[in-house]
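Written out below as structure tokens is the structure these notes cover.
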Amino acid sequence: VRSTLLQHLPIASQAPGICVAAMGGTAQEQKGAQKGPVAILQEFVQCSRHFTAPQNRPILQWTYEQRMLSATSLEFRAIVAFLMDGIPHHVVGGWQASKKLAQRDSAERALRFYVGKWGEQLLEAESRGARVHPPSRAANPVQVLEEICRTDSAFGGALPEWSHTYLERGCTAQVHVMLLGVRHTFSGMEAPSRAEAYVDLARRTLWYLQCPGYEELFVTDPEAPAVAGKVIPAPPANWACTTSEVEEVRRAERKVVVMRVQNRLQQEFSKTLRPGQAVWDWSFEMAEKDISAWPPRYKATVHVPGLGMSFVGRWAHGHREAQVEACLVLSEYLDGCRRESSEPSTSSGSVADSEEGTERVRWADIEVEEDAD
């Protein structure tokens, strides 16, 4: 098993800063030592681009998650998105006390994996020089992927972990693979059944890993939204969270969602609001049937003058929770507007096309964890 990412390492190792992290002891050492991990990661990604990015599009795109550490403090972790080989990658770091520390942590982990672990794997593969016989294309791709994970040293013998989600018209699948000690999450396209979703995802994963016999299965699309758009599409929600972390993230999000949405509206409409005009107006309806309950159940409606629209949340106990529900509806609308505005009009709507039809590759998401030691 080899990855196309390995092809970037000899090029990237010649970039200022990268050569220090990858090789050490070069003439660039003093200059590279002055660069932070975020700048070094950006140079590494720039060296490995196969497609021209749109103007004014950041090479590294950052988002943040937060959770409650105590009643008065938060922790943050950063997710950095970038394009390699025409495929969106998302790398998440660990929980930190500030966004700045979280950003640095994610960049360091990404470099440690792509430059460090992949560099070691490249040298080991070259020294081995072993040829791998390609599996039969008639074999079940799910079984092929599981066999590779079981027998190839890069996967440490850990079998893939499969999961799926049923949608209105079919099913989508996700698979977690431990590659070089790092948890990778891959997601496939919607398929009519769970079995077909698993096969589709296994084929995409084998192509991404460039498993012999699957190297030419897909080609990346230079006009896809992830390549030509201003914003790299987000991965599935909570893709890098354990079950307990999902609940922590949700609780933290609910505590700050009202303030966050208000700040977002103020930034968006600061130039159009009249002096003294509120960015939004609230009204509440109390459930008369539950008048004896405490706190009573309310349904909140928020009117946004800048949009000329009103948004209604679900019933919830207390004014505060009712506000949160309405803000979640408003936030979802704003996120949808952002996605629509970032998609290029010439996009075909796909990220990768297959030789066997119009199939797509969506993303390869990587959760980079600290080593056990």
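Top to bottom by accessible area (1.4 Å), largest first, where do HIS317, HIS176, HIS303 land? Don't skip to the answer; put the middle values down first.
Values: HIS317 95, HIS176 30, HIS303 70 Å².
Heavy-atom accessible area, descending, gives HIS317, HIS303, HIS176.
So how do TYR333, TYR166 rank on accessible area, 1.4 Å probe, biggest first, that is with the largest at the start?
Heavy-atom accessible area, descending, gives TYR166, TYR333.
Counting Lys and Arg as +1 and Asp and Glu as -1, what is the net charge of the other residues whose Cβ lies under 10 Å from the Cβ of GLU321?
Result for the neighbourhood of GLU321: +3.
Counting Lys and Arg as +1 and Asp and Glu as -1, what is the net charge of the other residues whose Cβ lies under 14 Å from the Cβ of TYR198?
-2
Could you tell me the accessible area of PHE155 in Å² (1.4 Å probe, neighbours in place), rounded to the nearest ten?
PHE155 exposes around 10 Å² with every protein chain in place.
Set the Förster distance to 25 Å, then compute FRET efficiency between LEU69 and GLU285 from the Cβ-Cβ distance, nearest 0.05.
0.10
Report the accessible area of THR63, computed with a 1.4 Å probe over the heavy atoms of all protein chains in place, in Å² rounded to the nearest 10.
80 Å²
Could you work out the local net charge near GLN96, counting Lys and Arg as +1, Asp and Glu as -1, over the other residues with Cβ closer than 9 Å to its Cβ?
Working: positive: ARG77, LYS99, LYS100, ARG104; negative: GLU75, ASP105.
Every neighbour counted, the sum reads +2.
Grab the alpha carbons of the range 138-221, take their convex hull, and tell me the volume per residue in Å³.
Once divided by residue count, the hull of the range 138-221 is 97 Å³.
Enter the accessible area of GLU147 (Å², nearest 10), with the probe set to 1.4 Å and all protein chains included.
We get 80 Å² for GLU147.
The values are calculated or read from the model by the stated rules, or taken from the named source; none is laboratory data. Just so it is clear, the model here is predicted, and its values are computed rather than measured. In this analysis, Cβ positions are derived from the backbone assuming ideal geometry, glycine residues included, and neighbour counts consider all displayed protein chains. All accessible areas refer to the heavy atoms of the entire protein, side chains included, with ligands and DNA or RNA removed. Shrake-Rupley method; radii C 1.70, N 1.55, O 1.52, S 1.80 Å.
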